[in-house]
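Enquirer: Please see the structure below; I have some questions.
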Amino acid sequence: MTLLALTAAASEAAGKAAETATDTALVEGAILLGVATLFVLIFRRLGLGAVLGYLIAGAVVGPHGLGLVGGGESKLAFAELGIAFLLFLVGLELSPGRLWQMRRAIFGLGMVQVVVTGLVLTALIHLILGFSPAASLALGLPLALSSTAQVLPGLKSSGRINSPFGEKAFSILLFQDLAIVPMITIVAVLSRAPADPSAPPGWQMAFFTLWAIVVLVLAGRFVVNPLLRIIGRYGERELFVVVGLLTILASAALMHSLHLSTALGAFIAGVMLADSPYRHEIESDVEPFRLILLGLFFLAVGMVLDVGAVMERPLLVLGLALGLVAVKAAVLTLIVKAFGKSWSAALGLGLLLSQGGEFGFLLFAQAADALLIEPEAASLFSAVVTLSMVTTPFLMLFARNLEFSPAAEPADLDDPEDAPRGSAIVVGYGRFGQTVAQMLHGVACSVTLIDKKPSQIELSSRFDTKVYFGDGLRVDLLRRAGAEEARLIIFCIDDASVDAAALKPVVDAFPDAKVLMRVFDRRQLLALDGAGVDGAVREVFESSIALGLMALRHLDVDPREMEDVETTLRHLDDARLQAQLDEGDLSAGMDHRFKPGGGREAESVLEKLRQRRLAAKLAKDDNEAPGLAADR
């Protein structure tokens with residue numbers, strides 16, 4: 001056979017192999033999505049959440065179940081991008097300044113949780129299961145990690161990611177991501193396998209981590225943000241999608257090339273864009289990819305569950321999974337309580353983070369490669385982690401009830417359930433809420449006041465004002481306060497992070513009440529789009545107009561000209577805001593504002609007002625003219 005014939009035959013074989021691989025991928029994709037849709041709908045209907053549906057669907061169709069789909073490990077490696085997307089979106093909500101404020105929780109509570117929980121689990125594995133100290137440490141430390149991919153979406157969707165409870169949970173999870181690097185180093189140090197010359201030493205990985213963080217910070221400030229400003233001028237929406245995906249994938253690729261956490265890299269990239277005026281556009285564009293990839297991640301976790309290992313020793317696997325959840329919940333509860341939280345909030349946080357984490361699969365595999373544990377032990381504890389993750393949707397229900405348990409608060413803070421039913425509920429009784437409440441009292445409207453700051457409640461009581469304790473963004477608390485009978489629910493809270501996801505459940509739960517909102521700025525107003533609120537006021541907009549009018553009076557501007565400027569400003573602001581909502585772009589409607597030289601749109605509106613006043617004056621003069629002639 002000639003060389004040309006051999007080449008042609010090889011090309012034909014490669015083409016058929018590629019076609020077969022494509023057919024397999026399409027069939028497996030259809031099976032995965034079909035079964036996942038069925039199970040997610042069932043578990044949603046049962047109120048158990050989508051995560052459990054994905055896990056069960058993956059176990060059913062995976063190689064250890066019905067065998068309809070294979071390659072769970074390869075799909076898991078790809079689907080871990082979903083965690084990177086999730087951490088990127090979380091980073092978008094945490095500016096560097098706010099992250100700096102959380103440093104004590106991250107490196108205090110987070111570090112204590114990982115170290116103490118890891119050592120406790122290591123000791124129990126050594127004493128009860130009889131593993132060697134090195135093997136026990138290689139198993140115990142990964143088991144101290146929790147599932148970022150399960151916990152954060154729940155906190156984010158319920159609007160609790162920025163609450164004190166959510167910040168504590170996030171701080172622990174973030175430190176756990178940071179702890180992956182030293183854990184990998186510990187496994188490498190304990191390794192009994194021949195040294196891999198390509199693997200970097202521990203000190204070098206620590207240096208790489210700091211170097212990568214600096215590179216990502218500089219890239220975000222000097223590359224991505226200027227690029228977004230250029231794209232904003234052209235208004236190309238699809239380019240925001242491209243840049244968002246590029247930022248996540250590039251940061252994840254950089255970290256992966258340095259043997260570091262890809263999720264940590266994506267998170268840092270998100271933090272660097274948190275102060276960008278385009279973060280809402282990026283967030284809305286990236287969110288669909290995050291949902292798809294995270295669903296695929298949980299499908300892959302279910303697929304790698306070794307059902308055979310579970311069926312061989314079901315009581316052992318189940319007992320280890322329940323024991324893991326119980327030990328982590330108990331240890332974390334004690335740690336959080338030692339950091340000054342109430343028992344109910346500490347127990348809620350312990351239950352929320354009691355499951356095993358997805359990075360455990362990676363660390364177990366590395367421990368097996370390092371000859372610290374047998375492959376069978378890696379499979380066994382991977383199954384334990386997976387089963388512990390199955391408990392999370394159930395434990396989340398208890399954790400949410402315990403998060404703001406009234407019984408855990410001081411006795412002198414009354415729950416709004418005891419409040420007389422009023423026509424209006426004012427949430428947040430600070431300087432803003434006090435003025436709103438006074439105006440309602442001025443028309444004899446009955447008002448229920450709610451605030452979650454004990455110091456503010458105590459101060460108000462000195463002025464004979466009864467304020468009830470609680471988080472007014474929670475639907476169950478509003479229901480106890482009588483929101484189903486109220487005509488108005490007014491949010492006067494000082495929280496710029498409240499968005500449509502936090503308010504939509506309130507609007508849906510109480511359709512007969514008008515929901516009004518105090519917002520921090522234009523960006524928060526855009527973030528409320530789709531929530532269905534009946535009105536929103538920027539907290540400094542009206543006061544800044546009042547101060548501007550005062551300035552014009554001191555410049556001896558004609559009162560009629562002042563009125564025209566105020567009317568024009570309000571008209572331009574409304575038009576600009578509507579353009580921003582329509583286009584989803586903060587830079588939209590740039591012409592609808594006053595600027596040096598007046599501005600074309602502003603001058604047009606002012607000129608129309610002047611012409612309207614002149615026409616009214618001429619009409620008035622014409623009406624008065626006959627009377628004057630008669631007098632003569």
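Enquirer: Heavy atoms of the protein only, probe of 1.4 Å, neighbouring chains included. What is the accessible area of HIS571 in Å², nearest 10?
Expert: About 100 Å², ignoring ligands and nucleic acids.
Enquirer: By how many nm would the segment from VAL540 to GLU28 lengthen if fully extended, with 0.36 nm per residue of separation less the alpha-carbon distance?
Expert: Difference between extended and current length: 178.8 nm.
Enquirer: With a Förster radius of 45 Å, plug the Cβ-Cβ distance of VAL215 and HIS441 into 1/(1 + (r/R0)^6) and report the FRET value to the nearest 0.05.
Expert: 0.20
Enquirer: Another question, if that's okay. For a Förster distance of 41 Å, can you work out the FRET efficiency between the beta-carbons of GLU417 and PHE222, rounded to the nearest 0.05?
Expert: According to the calculation, E is roughly 0.15.
Enquirer: With the cut-off at 18 Å, tell me which of the pairs LYS168/LYS337; LYS168/LYS504; LYS328/LYS452; LYS168/LYS328; LYS341/LYS452 have Cα atoms farther apart than that.
Expert: Listed pairs above 18 Å: LYS168/LYS504; LYS328/LYS452.
Enquirer: In nm, give the distance between the simple-model label positions of ASP476 and ARG431, each being 7 Å from the Cα along the Cα-to-Cβ direction.
Expert: It works out to 3.5 nm between the two label points.
Enquirer: When Lys and Arg each count +1 and Asp and Glu each count -1, what net charge do the other residues less than 13 Å away from GLN456, Cβ to Cβ, add up to?
Expert: +2
Enquirer: Over segment 260-348, give the accessible area per residue in Å² for a 1.4 Å probe, as an integer.
Expert: Heavy-atom accessible area per residue stands at 36 Å².
Enquirer: Pick out, from VAL537, PRO454, PRO420, the residue whose Cα sits farthest towards the positive end of the charge dipole of segment 404-562, with +1 on the Cβ of Lys and Arg and -1 on the Cβ of Asp and Glu.
Expert: Value computed over the given set: VAL537.
Enquirer: Calculate the spin-label point distance for GLN101 paired with GLU484, positioning each point 7 Å from the Cα along the beta-carbon direction, and give it in nanometres.
Expert: Inter-label distance under the simple model: 3.6 nm.
Enquirer: Run the accessible area of segment 501-542 with a 1.4 Å probe and give the carbon-and-sulfur part as a rounded percent.
Expert: 55
Enquirer: Please give the peptides 328-339, 442-453 ranked by average Cβ packing (other Cβ atoms within 10 Å per residue), highest first, as a rough proxy for protection.
Expert: Ranking the peptides 328-339, 442-453 by packing returns 328-339, 442-453.
Enquirer: Probe radius 1.4 Å, ligands and nucleic acids ignored: give me the carbon and sulfur share of the accessible area of segment 244-362 as a rounded percent.
Expert: Heavy-atom surface of segment 244-362 belonging to carbon and sulfur, 1.4 Å probe: 75 percent.
Enquirer: Tell me, in nm to one decimal, what length is gained between HIS259 and ARG522 on full extension, where the rule is 0.36 nm per residue of separation less the Cα-Cα distance?
Expert: Result for the pair: 90.6 nm of gain on full extension.
Enquirer: Report, by chain and number, residues whose modeled amide H sits under 5 Å from the one on ILE489, excluding near sequence neighbours (fewer than 5 apart, same chain).
Expert: So ILE489 has HN proximity to ILE425, LYS514, VAL515, LEU516.
Enquirer: Still on this model: Let's test the formula: R0 of 60 Å, r as the Cβ-Cβ distance of ILE292 and LEU549. What FRET efficiency results, to the nearest 0.05?
Expert: My answer for the efficiency is 0.70.
Enquirer: Let me ask something else about it. In what sequence, highest mean first, do 422-430, 538-546 appear when ranked by Cβ atoms within 10 angstrom?
Expert: So the peptides 422-430, 538-546, ranked by packing, come out 422-430, 538-546.
The values are calculated or read from the model by the stated rules, or taken from the named source; none is laboratory data. What you see is a predicted model, and the numbers here were worked out from it, not measured in a lab. Because the Cβ atoms are built from the backbone with ideal geometry, glycine has one as well, and the counts that use them run over all protein chains shown. These accessible areas exclude ligands, DNA and RNA; they are computed on the full protein's heavy atoms, side chains included. Shrake-Rupley method; radii C 1.70, N 1.55, O 1.52, S 1.80 Å.
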